[in-house]
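Beneath this line is the structure, given in structure tokens, with notes to follow.
The values are calculated or read from the model by the stated rules, or taken from the named source; none is laboratory data. Since this is a predicted model, take the numbers as computed values, not measurements. Every residue, glycine among them, receives a Cβ derived from its backbone with ideal geometry; neighbour counts consider all protein chains shown. Accessible surface areas use protein heavy atoms only, side chains included; no ligands, DNA or RNA. Shrake-Rupley method; radii C 1.70, N 1.55, O 1.52, S 1.80 Å.
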Amino acid sequence: MKIIGLLGGMSWESTVTYYAILNRTVAEKLGGYHSAKIMMYNVDFAPLENNMGTGNWAANAEILSKAAKRLEDAGAEFIVIATNTMHKLVPDIEKKINIPILHIADTTAKKIKEDGLTKVGFLGTKFSMTQDFLHERFRKAGLEVMIPDEADIELVNNVIFDELCLGKVLESSRKEYQRIISSMKEQGAEGVILGCTEIGMLISAEDSVLPVYDTTLIHAREAALKALED
């Protein structure tokens with residue numbers, strides 16, 4: 001079994017889910033008392049969040065690159081970044097380490113393609129929705145991705161940072177997300193990507209009129225399966 005280098009804390013709420021899925025998947029596959037081999041570096045999210053707000057992505061790249069290098073030096077065999085938004089910095093981090101990063105967009109696109117979908121909605125932070133670092137990889141996989149309008153982009157982003165990252169799950173916000181997903185269906189979306197690792201706290205398959213692709217669940221499960229490869 002390979003050692004997983006889990007880069008978490010962004011926010012820690014979703015990292016808890018990663019930890020549980022990694023161990024649960026290994027236990028399901030191997031049985032008995034088996035669990036995943038995980039080395040975790042849990043960063044302090046406060047400076048990273050501040051840097052995002054000021055556009056200082058270089059500082060965040062330095063923080064996460066150092067964390068990933070520590071995981072590599074400790075014996076991790078591949079890296080799992082437990083957040084969508086910080087995948088913006090994957091090219092920077094890859095320059096500092098010699099082990100692979102399992103990309104969240106690639107694992108999600110693989111699952112969507114397996115299900116035969118070609119057009120999907122995407123919900124995430126403002127950075128993930130409006131910038132190209134995830135969408136480009138989805139397009140390369142043959143997927144068409146739609147995002148909400150400008151006002152709803154702000155709403156989705158604010159719920160993530162002001163509520164979910166702080167452990168707050170509000171019914172009023174769930175209804176707003178459901179409204180946005182319904183609108184995406186009306187525009188031709190065949191499924192919806194929950195492209196922020198906290199959104200699964202708010203929206204499940206039962207809450208959506210579209211098939212849900214929760215990047216947290218997909219990414220973590222794929223990481224566990226990768227760890228079990230020969």
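Overview of results
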quantity: Any hit, the range 14-28, residues being modelled with pLDDT of 95 or more, open to solvent by 10 Å² or more (accessible area, probe 1.4 Å) and of a type in the set (Phe, Trp, Tyr); calculated: yes
quantity: Residue match in the range 182-201 (condition: assigned to a helix (DSSP H, G or I), among the hydrophobic types (A, V, I, L, M, F, W, C), touching a helix residue (DSSP H, G or I) at 6+ places or on another chain (Cβ under 6 Å) and open to solvent by 50 Å² or more (accessible area, probe 1.4 Å)); calculated: yes
quantity: Those residues of the range 180-230 which are within 14 Å of the chain's Cα centre (by Cα), farther than 15 Å from Ile112 by Cα and of a type outside the set (Val, Ile, Thr), in sequence order; calculated: Cys196, Glu198, Gly200, Met201, Ala220, Ala223
quantity: Subset of the range 1-59 (residues that are under 18 Å from Ile160 (Cα atoms) and acidic (Asp, Glu)); calculated: Glu13, Asp44, Glu49
quantity: Hits in the range 164-175 (condition: in contact with a helix residue (DSSP H, G or I) (Cβ under 6 Å, 6 or more places away or on another chain) and either open to solvent by 20 Å² or more (accessible area, probe 1.4 Å) or over 21 Å from Met201 (Cα atoms) (or both)); calculated: Gly167, Val169
quantity: Residues being exposed (fewer than 13 other Cβ atoms within 10 Å of the Cβ) and more than 21 Å from Leu64 (Cβ to Cβ) - total across the range 30-49; calculated: 3
quantity: Extreme residue, modelled with the highest pLDDT, among residues of the range 202-230 that are of a type in the set (Asp, Glu) and crowded, with 19+ Cβ neighbours inside 10 Å; calculated: Glu222
quantity: Search result, residues across the range 78-88 that are farther than 21 Å from Asp214 by Cα and assigned to a helix (DSSP H, G or I); calculated: none
